[in-house]
Every structure is written in structure tokens, then in C-alpha cells.
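Asker: Structure provided below as C-alpha cells; questions to follow.
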Amino acid sequence: MKFRDVIGHQVLKQHLIESTLNGRVSHAQLFLGPLGNGGLALALAYAQFVNCTNQQGNDSCGQCAACLKAAKMIHPDIHYTYPTVGAKAKSTDFAAAWRKAILENPYLNGFEWLQQIEAENRQGNMTAEECESIIHKLSFKPFEGKYKVLIIWLPEYLSKEGNRLLKLIEEPPASTLFILVAHRAEKILTTIRSRTQLLNVPRYPDEVIQETVETRFGWSADKAKQVAILAEGNYNRALAIVNGQQQVDIALFIRWMHSLLGQQIPQNVLLNEEIATIGREAQKNFLKYTLYFLRQSLNKSLFPDKVLGLTSQELALATQLAEGLGIEQYEKMASLLEDAIYHVERNANPKILFLHLSVQLMEVRAYVRSR
């Protein structure tokens, strides 16, 4: 994978490129950030770049033998450690499945990976055998490349067995590079985390996801923007929305909002029954879009002249909703919506859930009008 294939993170890419060209490669680095932030994709591009035999000023060449092997994840000097299942399992036991999964989607999360190797209800882990395998593999000099690279994806799964790696990480053989890709720093062994150089990989801005969805999938600006809103900076979630076509039915959303603002209870009941049929993921997206709409309505209330990313119908609704509402009421509504998302994730009865939510939202609105 080349840096240009990793969406966003231009500043981080340039930092990694320049540090490599200037000979300032830290031997143990921790790429830390939220789910779907592209940390693994960035690590793959970095591993390819450091071993490229014809490095460019802004990327690997993509054509030398090292790049071609790295792109197929078969370079003999680039190794991978990741969660597996089984008491004595090693990453190499799942190498074929790993290559297939990452070449298809380098933004996937740990749960998706474990499902692909049929973990079912078993916990993923990194075993003592895996640690011993790492020590053995890294004891040799690079076969072809300048660096022997180990990408540890989700070191949060390293239990106390990970302490076997401490000496290796602290005093690695020459030309050895550790890249740890993680999402939760507090879950990583402190002894390992303290021996790495931290590189924060932030969530993706909505604009980056929107532009990517437009250019890579040919979606319209409006639909791509909706994907970005629902993805909340997680590109893997954006891919799931694109592939599953889990778009919010804006017409249904507008009718639902009209029923809330107009206190049209019979119509609202019918709409809630319709929402109950669209599936759990679509219901979550519906609620997340409502949260986005709520934030835009608050922006309209606080900054009347601010240009909002809403259709004319939505803008009229946002203006109507903002009448008389204060920050306290917006916070209450947002809390109700977040609670509803929580309960959708736990398979609450959708008809009851959305009816209860609608009544509560109407009550907040009615309270403002009655004052």
C-alpha cells in the first residue's frame, strides 16, 4: 500500500516520509487513535516506504520488487501480529485469512476480523507462542529490505505474556522497526507503551470522508455528506454504510420531525411503526442523523447567519425547532437520542422505543411552549 492510497492524514504522512528520508526512524512507534482512523493502513504504507528501494520524495515507488511484495503482504521482512483464537495459536496460522481480509479492507476493526476467522464467542488473544515466534523472527537480519518490520495490530490483546517482548522492543537488533497500531492506550501493557514513540492518528474529518465517498464511489455530494455524518470520523463505518446502502430516508425523517413539532400523535405512531421495519442498523443511523440535525438546529439558534449543510426543508424544520429552545433543552433531547441509540444496539422493541422517544421529545418541546 502506498501513502497515496491511505485517505487523509497528509501531515502524518509527510512526517513519516521526512523522518525516513532523514534517517530518523524511531525503532518502536505506537499509532494510536479511534476506530476506523486508518492507523493500520498508515502502518502498511509506512512499512512499504521504509523498504522501498526507489523512495520518492512523497511516497514509495510502487514498482520495485520490495513494493510489489509489500503491496501483496508477502515481503519476507514485513511481519504481522494480530489477535487470534486458540490456546497456542500464532498469527502465521491465520496468515492467508489475514492477507485476504486486509487487502480487501485495511480499515476493518477487531470484531470484524475475529468474525472472519470464526471466533464466534471466543476471545481474541496474542499467546505466549506468538511472542516466542516474534522473538525468533526478529532475531535474524533483514533478508531483502533495509528494515525488518513488525506491525502489531491491536496490542491491547497482549496480556502479561507481552512482557516477553520488553527486552526486544527496548534493545532491538539493528534495522528493526516495531509499529504498534492501537485504539485504547489504557488497555496496552504499560511496560510496552512506555517503550514506544507515540503518533496520534485522529478521527477523520467529515470533509475527508465525504470527499472520499464522492470520488471513490461516485456518490452525489448530498449522499456522501450523509455518509460522513453517520460515520462520525470512522471510515470503516462509512464503508459499511456505502456497501450496505444504509442511507437515512430523508423523506421519512422530515415526516417524523413534522409529527413531533406539530404534536401529531396518531401520525407519529404510524411513522414509528414504519421506522420499526427498517432494521436495527438503519434505525441507529436514523437516530444519529437526528442528533446531527439537532446540532444544526442549535447552530441556527446561536448563529442565525451561519450557513448550514441542510436542505431547504430541513432548514425550515431546524428553524422551527430552535424557536424557544435553550441549550438545556437541546442537551436533554440529545441525551434522549443517545439513550435510544444505546437501546437499539441492545435489541429493544423498536415500536415501543421510538414511541417512548417521540413522547419524551414532544414533552421537552411542550415544556418550552408552556413557559
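Asker: With 10 angstrom as the radius, rank Tyr46, Tyr330 by how many other C-beta atoms surround their C-beta, starting from the fewest.
Answerer: Numbers: Tyr46 28, Tyr330 19.
Least crowded to most crowded, the residues run Tyr330, Tyr46.
Asker: Then there's this: State, to one decimal in nm², a quarter of the convex hull surface area for the C-alpha atoms of region 262-313, i.e. the direction-averaged projected area.
Answerer: On the way: hull surface 18.4 nm².
The Cα convex hull of region 262-313, projected and averaged over all directions, gives 4.6 nm².
Asker: I've got another one for you. For the chain, compute Rh as the Kirkwood radius over C-alpha pairs and then the Stokes-Einstein diffusion coefficient at 20 °C and 1.002 mPa s; write the answer in µm²/s, rounded to an integer. Could the numbers behind the result be given before it?
Answerer: On the way: Rh = 23.1 Å.
Answer, rounded: 93 µm²/s.
Asker: Round to the nearest 0.05 the FRET efficiency obtained for Ala366 and Arg24 when R0 = 51 Å and r is the Cβ-Cβ distance. Before the final figure, lay out each step's value.
Answerer: Values: r = 62 Å, r/R0 = 1.22.
It comes out at approximately 0.25.
Asker: Counting every Cα pair in region 217-273, what percent are over 19 Å apart?
Answerer: Working: 677 of 1596 pairs.
Of all Cα-Cα distances in region 217-273, 42 percent exceed 19 Å.
Asker: Given a Förster distance of 41 angstrom, what is the FRET efficiency for Gln14 paired with Glu274, based on the Cβ-Cβ distance and rounded to 0.05?
Answerer: Details: r = 49 Å, r/R0 = 1.19.
It comes to 0.25.
Asker: Here is a further query. Give the angle, between 0 and 90 degrees and rounded to the nearest 10, that separates the Cα long axis of helix 327-345 from the longest principal axis of the Cα atoms of the chain.
Answerer: 60 degrees
Asker: Run the simple label-point estimate for Lys137 and Asp222 please: 7 Å along Cα→C-beta, distance reported in nm.
Answerer: Each label point lies 7 Å from its Cα, and together they span 4.9 nm.
Asker: May I ask for the Rg/Rh ratio of region 240-342, computed from Cα atoms with Rh as the Kirkwood radius, given to two decimals? Write down the numbers at each step before the final one.
Answerer: On the way: Rg = 13.8 Å, Rh = 14.4 Å.
Looking at region 240-342, the ratio lands at 0.96.
Asker: Taking the simple approach of a point 7 Å from Cα along Cα-to-Cβ for both Ala95 and Thr311, what is their distance in nm?
Answerer: Going from the Ala95 label point to the Thr311 one covers 5.2 nm.
Asker: Turning to a different aspect of this structure: Based only on other Cβ atoms within 10 Å, what is the fewest-to-most ordering of Arg195, Arg184? Walk me through the numbers on the way to the answer.
Answerer: Numbers: Arg195 20, Arg184 12.
Ordered from fewest to most neighbouring Cβ atoms within 10 Å, Arg195, Arg184 come out as Arg184, Arg195.
Asker: What is region 3-202 by shape, rounded, prolate or oblate, if you read a ≥ b ≥ c off the alpha carbon gyration tensor as root eigenvalues and call it rounded for a/c under 1.5, prolate for a/b larger than b/c, and oblate otherwise? Display every interim value, and only then the final one.
Answerer: On the way: a/c = 1.42, a/b = 1.31, b/c = 1.08.
It comes out rounded by the Cα gyration axes.
Asker: Using only the C-alpha atoms of region 74-139, find the volume of their convex hull and express it per residue in Å³. Walk me through the numbers before you get to the answer.
Answerer: Working: hull volume 5.3 nm³, N = 66.
Residue-normalised Cα hull volume stands at 81 Å³.
Asker: On C-alpha positions alone, give me the angle between the axis of helix 235-244 and the longest principal axis of the chain, in degrees, nearest 10.
Answerer: Its long axis makes an angle of about 60 degrees.
Asker: With an 8 Å Cα cut-off and a minimum separation of 6 or more residues, compute the relative contact order for region 71-210 in percent. Please report the intermediate quantities before stating the final value.
Answerer: Working: 168 pairs, mean separation 36.9, N = 140.
Once normalised by length, the contact order is 26 percent.
Asker: Quick one: compute the contact order of the chain, relative version, from alpha carbon pairs under 8 angstrom and 6+ residues apart, as a percent.
Answerer: In percent, rounded to a whole number, it is 16.
Asker: Report the extension gain between Thr191 and Ala128 in nm, rounded to one decimal, defined as 0.36 nm multiplied by the number of residues separating them, less their alpha carbon distance. Each step should come with its number before you reach the end.
Answerer: Details: separation 63, 0.36 × 63 = 22.68 nm, distance 1.64 nm.
Here the answer is 21.0 nm.
Asker: Here's a follow-up. Distance check, please: which entries in Lys13/Lys72; Lys69/Lys100; Lys223/Lys288; Lys160/Lys187 exceed 18 angstrom between their Cα atoms? Provide the component values of the computation, followed by the final result.
Answerer: On the way: Lys13/Lys72 21 Å; Lys69/Lys100 14 Å; Lys223/Lys288 15 Å; Lys160/Lys187 11 Å.
Violating the 18 Å Cα-Cα cut-off are Lys13/Lys72.
Asker: Only bridges with both residues in region 3-202 count here: give the DSSP antiparallel percent, nearest 5. Working shown, then result.
Answerer: Working: 1 of 21 bridges.
Counting only bridges with both partners in region 3-202, antiparallel ones make up about 5 percent.
Asker: Can I ask one more? What order do you get for His183, His9 when you list them from fewest to most C-beta neighbours inside 10 Å? The partial results should precede the final answer.
Answerer: On the way: His183 19, His9 22.
Ordered from fewest to most neighbouring Cβ atoms within 10 Å, His183, His9 come out as His183, His9.
Asker: Let me have the relative contact order for region 181-238, percent, based on Cα pairs under 8 Å that are six or more residues apart.
Answerer: Values: 38 pairs, mean separation 18.1, N = 58.
Computed value for region 181-238: 31 percent relative contact order.
Asker: What are the residues whose amide H is under 5 Å from the amide H of Tyr80, where those residues sit 5 or more places off or on another chain and H is modelled from the backbone?
Answerer: Close amide H contacts, sequence-distant or interchain: Ile151.
Quick note: the coordinates plus some simple rules give every number you see, no bench work behind them. This one's a predicted model, so the numbers in the text were calculated from it and none came from an experiment. Virtual Cβ from ideal backbone geometry, glycine too; neighbours counted across all protein chains shown.
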